[in-house]
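Written below as structure tokens is the structure these notes are about.
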Amino acid sequence: MVWRPARIAARRHRVQLVRSSWRNAIAKPGSAASATPTGYFAKLPKNLTPSAHESTKLPRQPPLYARSPAAISVTTFIGIDMAWNIDEKHSGIAVMQGDADHVTLTALSNGVQSLQGVVDFVAKQACADTVIAIDASLIVKNETGQRPCETEIGRAFGRYHASCHTSNLSRPHARTGMKLVDALQTLGFRHDFDLGTARERPGKWLFEVYPHPAMIRLFGLQKIISYKKGSTGQRRTGLSLLRNHMRKLANDRTGLVTSALMDELLDQDLEGLRGQGLKHHEDILDAVFCSYLAWHCWRWGVDCNEMYGTLAQGYIVVPKAVPLGAHDAFHR
């Protein structure tokens, strides 16, 4: 079928009618659907604040873009929690899909323990417009000491216990991130990150993130969530807290819409996990968060994100601070 302009316009009109009917079905006077936007976007500049349409919580139905591909452009967002020893340890990968209004979790990796496994999974999930956020050092030039971006992160987030691990070429597996970038470039991904042009940038591209400072910002924390170290019980407690914050993120009009897959992940029984099973769950949660960071950077660009360091010497992208007064929404 050839989609002529008149046909496309008619299809878009029908999509808007569907959206309108959903809002009318769930909106009541004084309800969340009719209220002023709250949470992370509560005090953004007017030109960035989501409209009533964007902030409305839709009922649990298949994403609109999945049913109207001709009317809405869909981008894929992939988060990778890369293992340093990538050919022996587990790497978590999560996939979200969405547009400028919403994004939702659509796929998770299972048992990926090699660089080729990461590349193969990405190859199966990627589309023409795909953004990847990777929790790994993607540019390392220094022989010793820290990368400048790691020092900057330490200065900004050290008081929250969110400093970076040190990356330099004398450390084992220091080149793993760069090897992964080289492999992803064979799939058409570009590593030429420019925050100034990131907002709704088309094509395939990737960038580096670090979850701890991003969680400080998006969750409004005073200290990082401790879920990577300690006893099994302590790690379960930390993971439970992380999952609670991720649920709130999905319910706070930040663009993230929950899905059956996300509900299943966040409701998984932690008491039944220990050892490698618990570590794999942690990796997947980190990957899901990274995939949201990919959307967040793509959606808002320089307006709601900042870059520590440089493309030449290494960098890390972190969401900007939650607007004052918006923290309560993350702790309700």
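Derivation of every value follows stated rules applied to the coordinates shown; laboratory data play no part. Just so it is clear, the structure is predicted and the values come from calculations on it, not from any experiment. Here Cβ is always computed from backbone atoms with ideal geometry, including for glycine, and neighbour counts include all displayed protein chains.
Among the residues of this structure, Gly230 does not count as one that is without any contact (Cβ under 8 Å) to a residue 60 or more places away in the chain and in contact with a Ser or Thr (Cβ under 6 Å, 6 or more places away or on another chain). Scanning the range 261-282 for residues that are outside any helix (DSSP H, G or I) and either polar (S, T, N, Q) or touching a Leu at 6+ places or on another chain (Cβ under 7 Å) (or both) gives a single hit, Gln268. Of the candidates Thr186, Thr197, the single residue that is surrounded by fewer than 16 Cβ atoms within 10 Å (Cβ to Cβ), β-branched (Val, Ile, Thr) and closer than 29 Å to Asp303 by Cα is Thr197.
Residues satisfying the criterion are present in the range 128-138 (criterion: surrounded by fewer than 17 Cβ atoms within 10 Å (Cβ to Cβ), more than 19 Å from Glu208 (Cα to Cα) and in contact with a strand residue (DSSP E or B) (Cβ under 9 Å, 6 or more places away or on another chain)). Note on the range 251-271: residues that are buried (at least 21 other Cβ atoms within 10 Å of the Cβ) and of a type in the set (Gly, Ala, Ser) amount to 1.
I'd like the full set of residues that are surrounded by fewer than 16 Cβ atoms within 10 Å (Cβ to Cβ), of a type outside the set (Gly, Ala, Ser) and in a helix (DSSP H, G or I), limited to the range 210-236.
As a first pass, look at the range 210-236 and keep what is surrounded by fewer than 16 Cβ atoms within 10 Å (Cβ to Cβ): 222-223, 226, 228-234.
Then keep just the ones that are of a type outside the set (Gly, Ala, Ser); that gives 222-223, 228-229, 232, 234.
Matches in the range 210-236: Thr232, Gln234.
Are any of the residues in the range 96-111 farther than 23 Å from Cys297 by Cβ and surrounded by fewer than 16 Cβ atoms within 10 Å (Cβ to Cβ)? Yes, because at least one residue in the range 96-111 is farther than 23 Å from Cys297 by Cβ and surrounded by fewer than 16 Cβ atoms within 10 Å (Cβ to Cβ).
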